[in-house]
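Chemist: Structure incoming, see below.
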Amino acid sequence: MKVFIYDTKEDLFKDLANKYSKAIKNNPKINLGLATGSTPVPLYEELIKDHKENKTSYKDVKTFNLDEYIGLPEGHEQSYRTFMNNIFFNHIDINLENTNIPSGSVKDLAMEAFRYDKLLEKNQIDIQLLGIGTNAHIGFNEPGSKFDSNTIIVELAQETRDANVRFFDNMDEVPTTAITMGIGSILKAKKIILVATGDSKAEAIKNTIEGPITTDVPASILQAHENVEIYLDKGASKLLSK
Ligand code: GLP
């Protein structure tokens, strides 16, 4: 694991966006694994700027998002599809048909998970972007998740619902289940980039980097992947021993 620590969030996201921009220019047909949550928003903003100023093109890029809530109607403003369109896809020259997010609104969710796995089998992800939950979940793989799973339907931990209630009117509206790439699918990416900012992620980051590999800390399995980079600001890195 390579760990990069920045004085400010601004420096972090400028540097990371630069690396993405170079990777896309080097491989215009790159397969990008993308993440939601508030953490990567500044990255998407920097990439939009880069697209406008430096003409980095996404015409041949394919994207694969980690996860989606189950039960929100299509077009719901908190669905990850709406989020990704609004925050990123609508501002770059990507073909929306090349943007993939598992659906949480189809009837047959088992079939949807199967479809997503087949898609991932055909399209190995070059760079998988990850945020991290306060309980060290990745995608929506909560503590206790198996390390070898493919796309699955999961129950959300109360801690995760608590963390995400800020996006909804009240707790009753926060979905209780989601569809997510499994940890096994995430680990198939050639390279994994995990980003965490703020004090609230410090403990999850310490356990991820310095703790034992355990299903209690889903992100700790990243220690076993050969190409992982972790980007942190001061707050998220504050409990690391070195
Ligand atoms: C959700 C997403 C995760 C994300 C996490 C942290 O649970 N499924 O992919 O990493 O939230 O979100 P935030 O970046 O807003 O703290």
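Chemist: In terms of modelled amide H atoms, which long-range or inter-chain residues lie less than 5 Å from the amide H of THR39?
Modeler: Amide H neighbours of THR39, under 5 Å, 5+ apart: none.
Chemist: Would you compute the Debye intensity of the chain from its alpha-carbon atoms alone, equal scatterers and no solvent, and pass along log10 I(q)/I(0) at q = 0.17 Å⁻¹ to two decimals?
Modeler: Per q value, in the given order, log10 I(q)/I(0) is -1.40.
Chemist: Tabulate in residue order the Karplus-calculated ³J(HN,Hα) for the stretch 132-145, using 6.51 cos²θ - 1.76 cosθ + 1.60 with θ = phi - 60°, rounded to whole Hz; enter x for Gly and Pro.
Modeler: In residue order, the calculated couplings are 8, x, 5, 9, 6, 6, 10, x, 10, 8, 7, x, x, 5 Hz.
Chemist: Going by accessible area, probe 1.4 Å, with all protein chains left in place, what is the ranking of LYS2, LYS14, LYS201, LYS55, largest first?
Modeler: Numbers: LYS2 120, LYS14 95, LYS201 30, LYS55 145 Å².
The most accessible residue leads, giving LYS55, LYS2, LYS14, LYS201.
Chemist: Where in the chain is the longest stretch that carries no GluC sites (Glu not before Pro) classed as loop by DSSP and with at most 11 other Cβ atoms within 10 Å?
Modeler: Values: sites that count: GLU74, GLU77, GLU226.
Answer from the scan: 78-225.
Chemist: Can you compute the helix-only [θ] at 222 nm over the chain? Use -39500 (n - 2.57) per DSSP H run of at least 4 residues, normalise by all residues, nearest 500 deg cm²/dmol.
Modeler: -9500 deg cm²/dmol
Chemist: So in the chain, what percent of DSSP beta bridges are antiparallel if you round to the nearest 5?
Modeler: Details: 8 of 30 bridges.
Around 25 percent of the beta bridges assigned by DSSP in the chain are antiparallel ones.
Chemist: In addition: Can you tell me the alpha carbon radius of gyration of the stretch 105-166 divided by the globular rule-of-thumb value 2.2 N^0.38 Å? Before the final figure, lay out each step's value.
Modeler: Numbers: Rg = 13.3 Å, N = 62, 2.2 N^0.38 = 10.6 Å.
With N residues counted in the stretch 105-166, Rg over 2.2 N^0.38 Å equals 1.26.
Chemist: Please provide three numbers in whole Å: the alpha-carbon extents of the stretch 126-241 along the principal axes, with the largest listed first.
Modeler: Principal-axis extents of the Cα atoms in the stretch 126-241, largest first: 40, 32, 25 Å.
Chemist: Any idea what log10 I(q)/I(0) is at q = 0.29 Å⁻¹ for the stretch 1-56, Debye with uniform C-alpha scatterers and no solvent?
Modeler: Treating every Cα as an identical point scatterer, log10 I(q)/I(0) equals -1.31.
Chemist: Provide the three semi-axes, in whole Å and in decreasing order, of the ellipsoid equivalent to the stretch 194-242 as defined by the square roots of 5 times the Cα gyration tensor eigenvalues. Mind dumping the intermediate values first?
Modeler: Numbers: eigenvalues 58, 28, 16 Å².
Rounded to whole Å, the semi-axes are 17, 12, 9.
Chemist: Still on this structure: Given charges of +1 on the Cβ of Lys and Arg and -1 on the Cβ of Asp and Glu, with all other atoms neutral, how large is the dipole of the stretch 2-237 about its Cα centre, in debye to the nearest 20?
Modeler: Working: 26 positive and 35 negative charges, 200 e Å.
It works out to roughly 960 debye.
Chemist: Using DSSP to call loops (not H, G, I, E or B), can you name the trypsin sites (Lys or Arg not before Pro) in the stretch 92-181 whose Cβ has at most 14 other Cβ atoms within 10 angstrom? Display every interim value, and only then the final one.
Modeler: Values: sites: LYS107, ARG115, LYS118, LYS122, LYS146, ARG161, ARG166; in loops: LYS107, LYS146.
Here the trypsin sites (Lys or Arg not before Pro) that fit, given the DSSP loop and packing criteria, are LYS107, LYS146.
Chemist: Kindly write out, for the stretch 77-93 in residue order, the coupling ³J(HN,Hα) from the Karplus curve 6.51 cos²θ - 1.76 cosθ + 1.60 (θ = phi - 60°), rounded to whole Hz, with x marking Gly and Pro.
Modeler: 5, 9, 5, 5, 5, 4, 4, 5, 4, 5, 7, 9, 4, 6, 10, 10, 8
Chemist: Let me ask you something else. Of LEU66, GLY182, THR99, which is farthest towards the positive pole of the stretch 2-237's charge dipole, taken about the Cα centre with +1 and -1 on the beta-carbons of Lys, Arg and Asp, Glu respectively?
Modeler: THR99
Chemist: Of the cross-linked pairs LYS59/LYS118; LYS62/LYS146; LYS2/LYS146; LYS9/LYS191; LYS62/LYS122, which ones have a Cα-Cα span greater than 19 Å in the structure shown? Intermediate values should be presented prior to the final figure.
Modeler: Numbers: LYS59/LYS118 23 Å; LYS62/LYS146 27 Å; LYS2/LYS146 24 Å; LYS9/LYS191 22 Å; LYS62/LYS122 12 Å.
From the list (LYS59/LYS118; LYS62/LYS146; LYS2/LYS146; LYS9/LYS191; LYS62/LYS122), the Cα-Cα distance tops 19 Å for LYS59/LYS118; LYS62/LYS146; LYS2/LYS146; LYS9/LYS191.
Chemist: Okay, next question. Ordered by residue, what ³J(HN,Hα) values in Hz, to whole numbers, does the stretch 154-165 give under the Karplus form 6.51 cos²θ - 1.76 cosθ + 1.60, where θ = phi - 60° and Gly and Pro are x?
Modeler: Taking θ as phi minus 60°, the curve returns 10, 8, 7, 5, 4, 4, 6, 5, 4, 5, 9, 5 Hz for the stretch 154-165.
The values are calculated or read from the model by the stated rules, or taken from the named source; none is laboratory data. Since the structure is predicted, the reported quantities are computational estimates derived from the model, not experimental observations. Positions of Cβ are backbone-derived with ideal geometry, glycine not excepted, and every protein chain shown enters the neighbour counts. Areas reflect the complete protein model, heavy atoms only, side chains present, ligands, DNA and RNA absent. Shrake-Rupley method; radii C 1.70, N 1.55, O 1.52, S 1.80 Å.
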